[in-house]
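The values are calculated or read from the model by the stated rules, or taken from the named source; none is laboratory data. Everything numeric in this text was worked out from a predicted model, so none of it was measured. Positions of Cβ are generated from backbone atoms using ideal geometry, with glycine treated the same way; all protein chains shown enter the neighbour counts. Note: accessible area is taken over every heavy atom of the protein model, side chains too, but ligands, DNA and RNA are not part of it. Shrake-Rupley method; radii C 1.70, N 1.55, O 1.52, S 1.80 Å.
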Amino acid sequence: MKSDVAVTCLLRLGGIFTGLSSHTKFATGYSDNWGFCCKMSPIVDGNGNGKHNESSSSIFEIGESDLSRLLERPKAVNIERKRSFDERSISELSISSPPRQFYKNSENSSRVFDNFGSIHSPGRSGVSTPRSFYCMETHPIVAEAWEALQRSIVHFREQPVGTLAALDNSTEELNYDQVFVRDFVPSALAFLMNGEPEIVKNFLLKTLRLQSWEKKVDNFTLGAGVMPASFKVLHDPVRNNETIIADFGECAIGRVAPVDSGFWWIILLRAYTKSTGDNTLAEMPEFQRGIKLILALCLSEGYDTFPTLLCADGCSMIDRRMGVYGYPIEIQALFFMALRCALNLLKNDEEGKDFSDRVVKRLHALSYHMRSYFWLDIKQLNDIYRYKTEEYSHTAVNKFNVMPDSLPDWVFDFMPTRGGYFIGNVSPARMDFRWFCLGNCVAILSSLATPEQASAIMDLIESRWDELVGEMPLKICYPSMETHEWRIVTGCDPKNTSWSYHNGGSWPVLLWLLTAACIKSGRPQLARRAIELVEARLSKDHWPEYYDGKLGRYMGKQARKYQTWSIAGYLVAKMMLEDPSHLGMISLEEDKQMKPHIKRSASWMC
């Protein structure tokens, strides 16, 4: 009987997902309209009052009194559920078999249930046992993954506030013993999908408080809206007190402030709201102010003539020098998605309307720019190959004065007849033709990619499976830089050698993004294929951070084991594939109003 149900589910998935690119209103019922070593550091005393302390560490001590009101559980919200046919089909499919706990098939289930506390706090973690509705048998390593995720939970004054970057006791901690904003996102999604929003709410509150204080790096003040890259909870056993310390880039490698943290924070706030049906958190004045501070930073007008966001190397997931300075695809896709999420979260008051108008204008310009100039398929590649240079006036075809001789040889063999992708960067006289996984997947989830472009990206992944997926999903970028190019671009970075780390390494965390993009594009079979590869090795290798080699065959030479986002990325991918309605918290529908004229992809011309 179980096998019959599984077969039935697989057959129905193939038909249901074909319409997902234009229908992503899922079960929530909502519709989308679209290290610490710095001086002069702010401190929050026990009463929540801000002050500055000239000391050797930057400490943010958050008092309980001013947050007690915020930490109340969300009020129940009555939601009128109006679901489309696709949504009903997916929801009915998700509950076609009785509910079962993830640990049910584990031989060590009793041990997992008993070992429920975090290493940072005695007793229970405050996050309950995993559960899910699904049609297929759960893989044995799911229970192990949940147990490892529970162990990574960080507590602040007996409240869960995040997860550590890694729990590898065999190597030096460095900053892996901190809670990173970008790293926590897959953990947060796993908890939300499991019906446990408390830790996500606490995380959003703590990072919001950290945003509001003055940040200085070598006596230079950062913008008021900058979110921290990470924070750490320190316990003083003498005073029996806990403090939070944050890193805004003053201790980061290269001393670069994170541009993506604020975007991930807005995206996660929207996911929390979508998952819980609770709008009260996002509507609070503190959260509205936090959103507006981030928007004010990235919507400010200056000398730039492009709607894209100018960024330095090291400001995103690729946090080392990798030649992604300028307008990297990862930041532009996250920027687009955060803007669309902000439209959903901003209140309809006078100030909110003003920001909404600015966001809408930027979205129109950004979508046109990205879809026109960052998009590459075989037709566009041939056009660039035949570019004339030194063109002047509004009629210029080669608007960025790109020299055809700068096209790398590999791109002609890499580009399939059917398929396309958003290239890594576009700026004056420069096109970075490398494939970057995160940016392209987020482009699909945010609907920056049109349905046709999303389908073309999936065509590319399928046709170039060995290069982009290999034996361990998933290449962070392709191809790697080697020899002289590697020395010049990375500054001889020994961690980013060829086919390692950020330079063509394989990152299991990207599995959840690929799975979400596959489901939205109607290609769940690709996600299932990638998950099977992960299940064959990831647990045996102790959940490493990344893999090396052209096929991802070797564990990364400096990879941490028990990397939390590798664990959480697998769980999110697994739960999302088994219950596709989860996609609604991280996916946005296509905005029908943003339809500029776009050149057709070869994938849908054939």
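Per the 1.4 Å probe, what fraction of the accessible area of region 457-606, in percent, lies on carbon and sulfur atoms?
The C+S portion of the solvent-accessible surface of region 457-606 is 52 percent.
If R0 equals 22 Å, the separation of the Cβ atoms of D304 and K388 corresponds to a calculated FRET efficiency of about 0.30. Per atom type, region 342-404 shows carbon and sulfur on 49% of its accessible surface, probed at 1.4 Å.
Dimensions of region 461-597 along the principal axes, based on C-alpha atoms and rounded to the nearest Å, stand at 46, 44, 26, largest first.
Taking a quarter of the surface of the Cα convex hull of region 141-259 gives a mean projected area of 9.0 nm². Stretched out straight at 0.36 nm per residue, the stretch from E482 to N241 would grow longer than its current Cα-Cα span by 81.8 nm. A straight chain from D413 to Q593 at 0.36 nm per residue would run longer than the Cα-Cα distance by 61.2 nm. Rounded to the nearest 20, the size of the Cβ-charge dipole of region 279-390 about its Cα centre is 340 debye, with Lys and Arg at +1 and Asp and Glu at -1. Could you compute the net charge surrounding N175? Neighbours are other residues with a C-beta less than 9 Å from the C-beta of N175; K and R count +1, D and E count -1. That sum, taken over residues with Cβ under 9 Å, equals -2. Per residue, region 204-362 exposes 39 Å² of solvent-accessible protein surface, assessed with a 1.4 angstrom probe and all protein chains in place.
Spacing of the modelled spin labels on A312 and F220, each 7 Å from Cα toward Cβ, amounts to 0.5 nm.
Projecting each Cα onto the charge dipole of region 330-409 (Lys/Arg +1, Asp/Glu -1 at the beta carbon, about the Cα centre), which of T395, L345, L407 comes out farthest on the positive side? Of the listed residues, the answer is L345. Taking all protein chains into account, the per residue accessible area for region 469-533 stands at 28 Å² (1.4 Å probe). Placing D493, D319 in order of accessible area, with the largest value first and a 1.4 Å probe, yields D319, D493.
For G254, what is the net charge nearby, where nearby means another residue's Cβ is under 14 Å from its Cβ and Lys, Arg count +1, Asp, Glu -1? With Lys, Arg at +1 and Asp, Glu at -1, the net is -2. The simple spin-label model puts a point 7 Å past each Cα toward its Cβ; for R157 and S427 those points are separated by 4.3 nm. Taking 7 Å steps out from each Cα toward its Cβ at N348 and F400 produces label points 3.9 nm apart. When the pairs K201/K274; K475/K540; K399/K592; K232/K561; K361/K520; K201/K540 are compared against a 23 Å limit on Cα-Cα distance, K399/K592; K361/K520; K201/K540 fall above it.
Accessible area of region 182-256 with a 1.4 Å probe: how many percent of it is carbon plus sulfur?
51
The eigenvalues of the Cα gyration tensor, multiplied by 5 and square-rooted, give region 313-359 an equivalent ellipsoid with semi-axes of 30, 9, 8 Å from largest to smallest. When the P(r) of region 228-336 is calculated, the portion above 17 Å amounts to 64% of the C-alpha pairs. Relative contact order, whole percent, for region 487-571 stands at 34, derived from Cα pairs under 8 Å and 6 or more residues apart.
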